[in-house]
Amino acid sequence: MKLGLDNSKESTRDIILRTIRQRHQATVNELAEAADVSPVTVRHHLNVLQAESLLESESVRRKVGRPYHVYSLSAKGLELFPKRYASLSSRLLEELKNQFPPEVVTSIFQGVVEGIVEEHRAEFEALELEERLAYLVELLAEEGFLARWEKREDRYHIIEYSCPYLSLGHEHAEICHFDRDLIVAVLDTEVEQHSCMLSGDSCCQFSFVPAPVETPNRKNGLRLMEKNG
């Protein structure tokens with residue numbers, strides 16, 4: 001039985017994903033009927049989707065005949081479909097701001113950042129600066145930010161091209177400090193912000209000048225200057 005939906009504007013891949021999402025599980029023949037293509041074509045798409053870790057399959061045994069497979073979305077596959085997280089988050093933030101003074105709300109956000117940092121501290125605290133920057137980019141990606149770092153002359157720059165909280169930030173600007181606080185905590189240095197997507201810029205950009213490396217010769221020289229002074 002076909003669903004009463006217009007598939008003309010959807011790709012076969014999208015129809016397969018949507019059908020599995022709606023039915024929770026589906027066979028090759030069910031997907032072929034929903035997409036109006038052959039089972040061979042469906043199997044090709046299923047192989048690609050499984051290679052991308054978007055689907056899971058399960059073998060089902062029958063009393064008579066060979067077992068067949070049913071397909072369902074993996075956790076990664078479920079993330080392709082929009083959820084009402086933004087709406088719920090906005091309402092929760094609004095309620096927090098109604099019940100607590102601004103400094104308490106700020107403290108709550110800082111506590112979230114501190115929790116993330118402490119969870120990962122053992123993984124980055126022994127890293128050199130550029131290794132730590134690379135780790136920071138990966139950590140930002142885990143939190144939904146697409147970012148990269150680069151060095152220009154004596155400054156390091158962190159550039160974010162996407163923000164998972166952009167729509168939320170228009171109503172609750174406090175959330176805009178989340179990524180900055182995370183950057184400062186991981187790098188253990190203050191940063192300067194040059195642009196912000198919330199202000200209409202194409203990216204959020206931060207920079208900092210690294211602290212000078214304390215070599216043994218430099219340390220001895222400083223001690224000698226202090227002694228002579």
Name the helices (runs of 4 or more DSSP H) wholly within the stretch 29-146 that hold at least 1 residues that are within 20 Å of R180 (Cα to Cα) and among the hydrophobic types (A, V, I, L, M, F, W, C)? 85-99, 102-124, 129-142
Go over the candidates G200, G221 one by one and state the one that is within 28 Å of A86 (Cα to Cα), exposed (fewer than 14 other Cβ atoms within 10 Å of the Cβ) and modelled with pLDDT under 95. G200
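The rows are residues; the columns are (1) at pLDDT 95 or above; (2) basic (K, R).
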{"residue": "R152", "(1), (2)": "no, yes"}
{"residue": "H157", "(1), (2)": "yes, no"}
{"residue": "H170", "(1), (2)": "no, no"}
{"residue": "A173", "(1), (2)": "no, no"}
{"residue": "F178", "(1), (2)": "no, no"}
Identity of the residue in the stretch 90-124, under 21 Å from the mean Cα position of the chain (by Cα) and among the β-branched types (V, I, T), that ends up farthest from S167 (Cα to Cα): V117
It is to be established whether one or more residues within the stretch 177-196 are of a type outside the set (D, E, K, R), in contact with a Phe, Trp or Tyr (Cβ under 8 Å, 6 or more places away or on another chain), part of a helix (DSSP H, G or I) and closer than 20 Å to L96 by Cα. yes
List every residue pair whose Cβ atoms lie under 7 Å apart, where the two residues are 6 or more positions apart in sequence or sit on different chains, the first residue falls within the stretch 30-43 and is at positive phi, and the second residue, located anywhere, is surrounded by fewer than 16 Cβ atoms within 10 Å (Cβ to Cβ) and not hydroxyl-bearing (S, T, Y). none
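For (1) modelled with pLDDT of 95 or more; (2) polar (S, T, N, Q); (3) within 30 Å of E174 (Cβ to Cβ); (4) in contact with a Leu (Cβ under 8 Å, 6 or more places away or on another chain), each residue gets a yes or a no:
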site	(1), (2), (3), (4)
Q25	no, yes, no, no
A35	no, no, no, no
R61	no, no, no, no
P67	no, no, no, no
E94	no, no, yes, no
G115	yes, no, yes, no
Given the conditions (1) on the phi > 0 side of the Ramachandran plot; (2) in contact with a Phe, Trp or Tyr (Cβ under 7 Å, 6 or more places away or on another chain), report the number of the one that G65 does not fulfil. (2)
Regarding the stretch 125-138, can at least one residue be identified that is out of contact with any helix residue (DSSP H, G or I) (no Cβ under 9 Å at 6 or more places or on another chain), without any contact (Cβ under 8 Å) to a residue 12 or more places away in the chain and closer than 20 Å to C163 by Cα? yes
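The values are calculated or read from the model by the stated rules, or taken from the named source; none is laboratory data. Keep in mind that what you see is a predicted model, and the values were worked out from it rather than measured. As a convention, Cβ positions derive from the backbone with ideal geometry for all residues, glycine included, and neighbour counts pool all protein chains shown.
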